[in-house]
Amino acid sequence: MKSSLKKLKKKDWKPVVRRALKEDLGKNGDVTGSAIFSSKEKAVFTLFAKDDGVLCGIDAFAGTFAELSKKCSVDAYFSDGAVLAKGTVVARVRGPVAAILAGERTALNLVSHLSGIATKTAEFAAASGGKPVVLDTRKTLPGLRMLQKYAVATGGGSNHRMGLFDMVLIKDNHIDAAGGIANAVNKVRAHWGNRFKIEVETRNLDEVREALSMKVDRIMLDNMTNDLMAEAVSIIAGRAETEASGNMTIERLRSLAGSGIDFVSFGELTHTVRALDFSLKEESVG
């Protein structure tokens with residue numbers, strides 16, 4: 001129901017970079033680097049991968065140094081989505097030593113975190129074989145959602161809704177408070193008409209049948225066993241998209257290949273991620 005975020009614009013990552021630099025530099029700037037190096041001292045630093053993985057966030061990496069000095073330049077040898085081997089030289093940063101060192105941690109944090117998400121997503125996408133489609137969730141770090149969801153798409157996954165604003169997802173709390181699925185769906189349609197696609201979370205087969213009777217666009221099968229999901233898919237019979245969610249692992253994902261389920265969503269793609277390790281080391285002075 002949603003297209004994946006395949007490209008980031010500068011306006012998506014630049015505010016993040018600026019906030020991160022402000023957080024790190026405060027009012028005094030880098031009190032270590034500014035004391036040791038003059039503004040005239042320049043160097044070349046090399047960014048290289050210390051893990052195998054999928055690159056993501058190279059624009060934000062480069063943009064960090066551009067924020068600190070117009071004299072900084074970055075030569076990136078790979079684009080987002082590139083598969084990196086351990087030891088690969090990814091980019092070179094040229095410019096004032098003080099500016100490069102002031103931006104080093106912010107730049108590395110961003111490219112490491114986003115590449116970690118892309119790498120993990122690529123593992124999950126490979127395990128699914130393309131069906132079910134691997135989805136992310138809204139379990140993202142505040143202020144970083146656009147970047148994290150972009151990293152999922154870079155790794156070969158697809159984006160679920162971007163936020164509460166672009167798709168209706170009627171969850172268990174909505175259903176219980178509204179007095180049932182039918183009441184909740186009817187209220188949404190009375191308010192929005194057909195402006196937004198509607199997904200309904202279901203916890204059992206009775207709820208699956210009720211959601212199906214309301215002709216919603218997608219039915220989420222939440223915290224169900226594989227056998228129960230197989231029954232649900234048989235009942236739905238292609239009349240709505242299906243999404244498995246809750247207690248999903250990469251092992252379960254493999255077991256769902258050929259099940260007929262369209263999508264599987266994973267919060268861990270963004271909330272439980274190991275950063276891909278990179279290093280930025282001085283190459284030469286001059």
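The values are calculated or read from the model by the stated rules, or taken from the named source; none is laboratory data. Please read all numbers here as calculations on a predicted model, not as lab measurements. Every residue, glycine among them, receives a Cβ derived from its backbone with ideal geometry; neighbour counts consider all protein chains shown.
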Going by the conditions given, is S245 among the hydroxyl-bearing types (S, T, Y), more than 14 Å from D262 (Cβ to Cβ) and either surrounded by fewer than 20 Cβ atoms within 10 Å (Cβ to Cβ) or not assigned by TED's automatic domain parsing to the domain that holds F263 (or both)? no
Between K149, K131, which is surrounded by 24 or more Cβ atoms within 10 Å (Cβ to Cβ) and closer than 17 Å to S265 by Cβ? K149
Can you tell me which residues in the stretch 234-286 are in a helix (DSSP H, G or I) and in contact with a Ser or Thr (Cβ under 8 Å, 6 or more places away or on another chain)? I236, L253, R254, L269, T270, H271
A177 - would you say it is within 23 Å of the chain's Cα centre (by Cα) and at pLDDT 95 or above? no
Can you run down the residue pairs with Cβ atoms below 8 Å, 6 or more apart or on separate chains, where the first is in the stretch 171-186 and over 21 Å from T137 (Cβ atoms) and of a type outside the set (F, W, Y) and the partner is loosely packed, with under 15 Cβ neighbours inside 10 Å and at pLDDT 95 or above? A178/K187; A182/S213
Which ranges mark the strands (runs of 3 or more DSSP E) fully within the stretch 1-101 that have 2 or more residues being buried (at least 21 other Cβ atoms within 10 Å of the Cβ) and without any contact (Cβ under 8 Å) to a residue 60 or more places away in the chain? 89-96
Would you confirm whether or not the stretch 8-22 contains a residue that is of a type outside the set (D, E, K, R), outside the structural domain of V264 (by TED's automatic domain parsing) and touching a His at 6+ places or on another chain (Cβ under 8 Å)? no
Given (1) out of contact with any helix residue (DSSP H, G or I) (no Cβ under 6 Å at 6 or more places or on another chain); (2) assigned by TED's automatic domain parsing to the domain that holds T64, number of the condition L114 does not satisfy: (1)
Examine the stretch 163-186 for a residue that is closer than 20 Å to K6 by Cα and surrounded by 19 or more Cβ atoms within 10 Å (Cβ to Cβ), and state whether such a residue exists. no
The number of residues in the stretch 113-128 that are of a type in the set (S, T, Y) and surrounded by fewer than 24 Cβ atoms within 10 Å (Cβ to Cβ) is 1
Please go through the stretch 177-229 and give me each residue that is among the small types (G, A, S) and assigned to a helix (DSSP H, G or I), ordered by number. A177, A178, A182, A184, A190, A211, S213
